[in-house]
Each structure stands twice: as C-alpha cells, then as structure tokens.
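The values are calculated or read from the model by the stated rules, or taken from the named source; none is laboratory data. In this text, all values refer to a predicted model and were calculated from it rather than measured experimentally. All Cβ positions, even for glycine, are placed from backbone atoms using ideal geometry, and neighbour counts span all protein chains on display. Note: areas computed on protein heavy atoms with side chains; ligands, DNA, RNA excluded. Shrake-Rupley method; radii C 1.70, N 1.55, O 1.52, S 1.80 Å.
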Amino acid sequence: MSAILAVCGEAFCAMVSDGRMVEEPISGQQPKVISEDVPKVRKVNRNVLVGFAGDTLAAVQIINALDEYNTQYLTLEKIVKILCQKAPSVRVQPVGVRLLVGGRNRKGQFVLTTLGSAEQYVPQTQPARAGAYLIEGACSHTEIGPWLEGEVKPQASAWRSLDDVAHTLDGCIAKLAEQDKSVNTTCFRELVM
C-alpha cells in the first residue's frame, strides 16, 4: 500500500512517500487502486516528522492520536510514546504497519525511530552521527533493504544539498513503483532542519 523513505543527518531529517493506496489484501497481479494521492508523511511540528507504510487506514488512525494534543509542543519522545500507546488498540490488516519518526529529540539531536506491528510497536531509535546518514525505509509488498543498499546508500557520499537527497529518494520511489504496483510515483516530501 505504500513506500516511505527517511534520511537523517546531523543537521536535518527528510522523508519522502509515494501516494498510492490500494485495497488489501491484494489479489492477482494488479491491485485495486483506491487513491493515488495519499500523503504518508506528516510534519507534526517544526522538529518532528512521521511517516508510514502498510495498512493506510490503521496508520492514519494511529497517527491521528497526535491530534488530541497541542502538537506544537510535542517532543519526538512524546510523539513516539503516544504512537506506541495508540497502536495496539488499532486493528491492522495482515500487510502490517511500519512507522518512521524522525527529527530533533528533546536534546536537539537528530534521531530516527522505527516501530511497527511486526515488532509489537517496540520503538528502535538511532541517533544521527557526524559524517554519516541514517537511512531507513518501509514498503508494504517489497523488501526495502536491497533498495536502500542499491539505490540510496551509494548516492549518499555524493550528496551536496537537500535537493540531491530529494532527487535520490524520489528516484528510489520511482524505481520501486516500476516493480511494486502498490507504489506510485507521486512523491510527498517533508523536511526538518
């Protein structure tokens, strides 16, 4: 149902998603497309981004739990806690849900947290390191690891601007869309600096 890619460096966090939502479960070669323009990345506030892949309806219900708060003041850690508390109460299709939360933590450091239904929503947080990028992704019906290794990581050493990062991530989404019919080439981007 979707693809989400995130890159966090020591001074930024960027996320890109596709826009396709398909009916689950997928039967046959061609999935039934429900929408082509569903953004799967949200800027919660000036410090934090949240993105998802998987069961769109379940992910939106989980993320919408943030709307019960004044999001302007939520820290990354509090956002992860809210998502972890809400997620177990939401019914999820067998395709599952994968959430990425990135941006500045309460100490001002850039971090990237992943959590998903396959791991009972136990969050895994990685801090950004000087001279390196945290690169994560999720895709509903395609193993994302090989795409990150083959398409994104080799280009990271040549990044000189945020436009370079966006170009790489958009290109990876486009190549995923060629093979995975649950992904399209409509890209939605968000950035925290």
(1) touching a strand residue (DSSP E or B) at 6+ places or on another chain (Cβ under 7 Å); (2) closer than 16 Å to residue 2 by Cα all hold for residue 105 apart from (2)
Subset of the stretch 1-35, residues of a type outside the set (A, V, I, L, M), in contact with an Asp or Glu (Cβ under 9 Å, 6 or more places away or on another chain) and open to solvent by 70 Å² or more (accessible area, probe 1.4 Å), comes to 32
Exactly one of 162, 115, 176 is farther than 22 Å from residue 20 by Cβ and touching a helix residue (DSSP H, G or I) at 6+ places or on another chain (Cβ under 8 Å), and that residue is 115
When every residue in the stretch 121-165 that is open to solvent by 70 Å² or more (accessible area, probe 1.4 Å), in a loop (DSSP other than H, G, I, E, B) and not basic (Lys, Arg) is compared, the one modelled with the lowest pLDDT is 141
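Let me confirm something: among 54, 19, which residue is out of contact with any Pro (no Cβ under 9 Å at 6 or more places or on another chain) and in contact (Cβ under 8 Å) with a residue 12 or more places away in the chain? Step through it out loud before you land on a result.
Details: 19 fails: out of contact with any Pro (no Cβ under 9 Å at 6 or more places or on another chain).
Every option except 54 fails the conditions.
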Restricting attention to the stretch 35-52, the residues that are over 19 Å from residue 111 (Cα atoms), touching a Ser or Thr at 6+ places or on another chain (Cβ under 8 Å) and either part of a strand (DSSP E or B) or not charged (D, E, K, R) (or both) number exactly 2
